[in-house]
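The values are calculated or read from the model by the stated rules, or taken from the named source; none is laboratory data. Note that this is a predicted model, so its numbers are computed, not measured. Because the Cβ atoms are built from the backbone with ideal geometry, glycine has one as well, and the counts that use them run over all protein chains shown.
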Amino acid sequence: MTQRRFDLIAFDWDGTLFDSTAIIARCIQAAVRDVGGKEPTFEEASYVIGMGLMQALAHAAPDVPKELYPKLGDRYRHHYFAIQHEINLFDGVLPLLADLKERGHLLTVATGKSRRGLDEALNTSMLAGVFDASRTADQTAGKPDPLMLHELMAEFGVPPQRTLMIGDTTHDLQMALNAGCASVAVSYGAHESADFHTLQPLFVAPDVKQLHDWMLVNA
């Protein structure tokens, strides 16, 4: 076993651990259509994944008036909860988490999902007891605000230089920079790898296997 470099590892959820990018983008598009807004392209809908829900919807549907935001959010939740059972972990995620847990890392989640949505995903037998803590956008602040990471680090007394953020969007990497933490990007989620390099990730993983291999040697 190599010496541990990071004590606390914070994972984004959608597009990093769960293969949910396409479904979320389609639900955003459907919600905007439902309230009469101009449907965003798939790329535009994918870009906002990782933000807090209302922040993401407002960015994806700038022509929708603010008074319709509650309905817009309701329609997104309607579409998402109707098909969330179709979403699965990326292949290789469970062995990755098990190996990191065995090495003694604190495993946490920092996500733009709602608390309700994350709790429903965590309350499954395969993920029971895997994560030591989690923060969501609706209980803290949306990315790239660093509040999620600040709270997780404070909960365990871990300094930024011993904390690693892993995510699939520029919002995740910018949050890590804002918190003074290192980051690793994954390019199999919502954002293209070409967008990552100015945000200084230690590594850009094209798939879970290469993320796993890198983490065992470098984390």
Candidate set: the range 191-219, residues that are touching a strand residue (DSSP E or B) at 6+ places or on another chain (Cβ under 7 Å), hydrophobic (A, V, I, L, M, F, W, C) and farther than 20 Å from residue 161 by Cβ; chosen: the one surrounded by the fewest Cβ atoms within 10 Å (Cβ to Cβ): 204
Test: residue in the range 133-143 that is in contact with a His (Cβ under 7 Å, 6 or more places away or on another chain), at pLDDT 90 or above and not assigned by TED's automatic domain parsing to the domain that holds residue 47: yes
Within the range 116-134, considering residues that are surrounded by 15 or more Cβ atoms within 10 Å (Cβ to Cβ) and farther than 15 Å from residue 17 by Cα, the one farthest from the chain's Cα centre (by Cα): 132
From the options 196, 131, residue that is among the hydrophobic types (A, V, I, L, M, F, W, C), in contact with a Leu (Cβ under 9 Å, 6 or more places away or on another chain) and closer than 22 Å to residue 42 by Cα: 196
Residues being in contact with an Asp or Glu (Cβ under 7 Å, 6 or more places away or on another chain) and touching a residue at least 24 places away in the same chain (Cβ under 8 Å) - total across the range 1-52: 13
Which numbered condition residue 194 fails, given (1) more than 15 Å from the chain's Cα centre (by Cα); (2) at pLDDT below 95; (3) under 25 Å from residue 150 (Cα atoms): (3)
